[in-house]
Amino acid sequence: MQALRIVFMGTPDFAVGILDAIFQGGYKVVGVVTAPDRPAGRGRKLNESAVKKYAQDKGLPILQPTNLKSEDFLGELKALNANLQVVVAFRMLPKAVWQMPEFGTFNLHASLLPQYRGAAPINWAIINGETKTGVTTFFIDDKIDTGAIILQKETEIHKDEDAGSLHDRLMVLGADAVMETLERISQGNMDAIVQENPAELKVAHKIQRDTCKIDWSRPMDEIYNKIRGLSPYPAAWSTLTNDGEQLDIKIYKATKEKTDHSLDFGSLLFDKKELKVAVKNGFLKLWEVQLQGKRKMTVADLLNGLNLSKNAKIG
């Protein structure tokens, strides 16, 4: 049995669940590496990462390098004397970092690699209408998400699930995968399988604003999957045109209503409590939205405070 001395690297909430599992599991975490504090909000107050807040609460040593190749950071990292590094939702590491510990550096990725390599695997799996996904632990190499696979755990994607719900489930599944990986490594089992590229390789590119814009002429299922795949963050959006005024509107939740109609795509049907958008072969009924400059709200609240004209449309 190998005694592990772990440096954990991560930044967002997803990584906190994994770090907590490692810490509560009794493993020795000798340090945490996370993103530098960033100015946020109107007051430009420095915002600390979720991982930093957790590490502070547990009294863990914290490093926040701006340059992962700097001699100062590399010296501080080496001084922690870790023999294993665990990475979850962090930056691409230089070779000097990932090859430093005796047992290497492994990453947890929220997909079944080699599919959905990249920054947003949870979003893209739903956007593309996948029915299953999972998590993978793998040893880091000099490319993105291409290293030898240690283990994988699979789960179904529920037909009406959004990215927020799947994120939370994969965090739990990921914690299980990391703990099992740590157990294997501590027992001296370093076996891993080299990744092979399938004929069809789907990539999880970083989500951009243009990625999130809805084209209402696309098939109903495609639009529906985009809405749930981008909810709650960063959210699918469109432009609402009402009495000559144009406002961006984010859409967080919708349901499908298949029926025949002759309306233009993006036309609206509404009453005091209900708002539906015309698409191919039916309507998408909107439930939760956010108008530009306003808070997130139910459609009923939106319609209560917004006087829609009969010619209002979205697109």
| Degrees separating the helix 13-24 axis from the principal Cα axis of the chain, which is the longest one | 40 degrees
| message | Between helix 220-229 and the chain, what is the angle of the helix's C-alpha long axis to the longest principal axis, kept within 0 to 90° and rounded to the nearest 10? | response | 40 degrees
| So which residue, out of 218, 184, 38, gets the largest mean-square fluctuation from a GNM of the chain using Cα contacts under 10 Å as springs? | 38
| Going toward the positive end of the dipole of region 210-314, with +1 on Lys and Arg Cβ and -1 on Asp and Glu Cβ, which of 241, 267, 254 do you reach last? | 254
| field | Euclidean distance between Cα centres, region 263-286 to region 131-191, Å | value | 39 Å
| Can you tell which of 220, 292, 104 lies farthest toward the positive end of the dipole of the chain, using +1 and -1 charges on the Cβ of basic and acidic side chains (Lys, Arg; Asp, Glu)? | 292
| message | I want to check the label-to-label distance for residue 222 and residue 298. Put each point 7 Å from Cα in the C-beta direction and report it in nm to one decimal. | response | 3.3 nm
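Eigenvalues of the Cα gyration tensor times 5, then square-rooted: what semi-axes does that give for region 1-156, in whole angstrom, largest first?
Working: eigenvalues 120, 85, 49 Å².
So the three semi-axes of region 1-156 are 25, 21, 16 Å.
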| Anyone know which of 202, 69, 280 comes out most mobile in the 10 Å Cα GNM of the chain? | 69
| said: So for the chain, averaging the separation of alpha carbon pairs under 8 Å that are six or more residues apart and normalising by length, what relative contact order in percent results? | reply: 14 percent
| field | Magnitude of the charge dipole, the chain, Cβ model with Lys/Arg +1 and Asp/Glu -1, debye to 20 | value | 880 debye
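With 25 Å as the limit, write out which pairs from 250/276; 53/250; 273/313 have Cα-Cα distances beyond it, or answer none.
Numbers: 250/276 15 Å; 53/250 30 Å; 273/313 17 Å.
Over 25 Å apart, Cα to Cα: 53/250.
For region 169-315, give the percent of accessible area contributed by carbon and sulfur heavy atoms, probe 1.4 Å, rounded to a whole number.
Numbers: 3950 of 8410 Å².
That share works out to 47 percent.
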| message | In 10 Å bins starting at zero, report the fraction of Cα pairs in region 181-254 per bin as a rounded %. | response | 15, 30, 20, 16, 12, 5, 1
| aspartates and glutamates within cross-link reach of residue 256: Cα-Cα under 15 Å, excluding same-chain residues under 8 positions apart? | 160, 161, 162, 221, 222, 274, 288
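Please calculate how many Å² of accessible area region 153-295 carries per residue, with a 1.4 Å probe and no DNA, RNA or ligand atoms counted. Let's see the in-between values first.
Details: 8180 Å² over 143 residues.
Each residue of region 153-295 exposes 57 Å² on average to a 1.4 Å probe.
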| remark: Semi-axes of the chain from the Cα gyration tensor (sqrt of 5 times each eigenvalue, largest first, whole Å) come to 43, 22, 15
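Considering only protein heavy atoms, with the full assembly of protein chains and a 1.4 angstrom probe, order 158, 109 by accessible area, largest first.
Details: 158 95, 109 15 Å².
Final ranking, largest accessible area leading: 158, 109.
For region 210-314, what is the convex hull (Cα atoms) projected area averaged across all directions, in square nanometres?
Working: hull surface 24.2 nm².
Here the figure is 6.0 nm², rounded to one decimal.
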| request: Answer with one residue from 122, 307, 281: the one whose Cα lies farthest towards the positive end of the charge dipole of the chain, charges on Cβ with Lys, Arg +1 and Asp, Glu -1. | output: 307
| Which entries of 206/280; 153/206; 258/285; 159/226; 213/253 show an alpha-carbon separation above 21 angstrom in the structure shown? | 206/280; 153/206
| In the Gaussian network model of the chain, springs joining C-alpha atoms below 10 Å, which of 68, 230, 284 carries the largest mean-square fluctuation? | 68
| So what's the angle, to the nearest 10 degrees on a 0 to 90 scale, between helix 163-186 and the longest Cα principal axis of the chain? | 10 degrees
| Rounded to the nearest 500, what is the chain's calculated 222 nm mean residue ellipticity when only DSSP H runs of at least 4 contribute -39500 (n - 2.57) each, over all residues? | -8000 deg cm²/dmol
| request: Might you report the magnitude of the Cβ-based charge dipole of region 88-193 about its Cα centre, with Lys and Arg at +1 and Asp and Glu at -1, to the nearest 20 debye? | output: 280 debye
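The values are calculated or read from the model by the stated rules, or taken from the named source; none is laboratory data. Since we're looking at a predicted model, the values are computed, not measured. A quick note on method: Cβ atoms are made from the backbone with ideal geometry, for glycine too, and the neighbour counts reach across all protein chains shown. Surface accessibility is based on the protein's heavy atoms, side chains included, excluding ligands, DNA and RNA. Shrake-Rupley method; radii C 1.70, N 1.55, O 1.52, S 1.80 Å.
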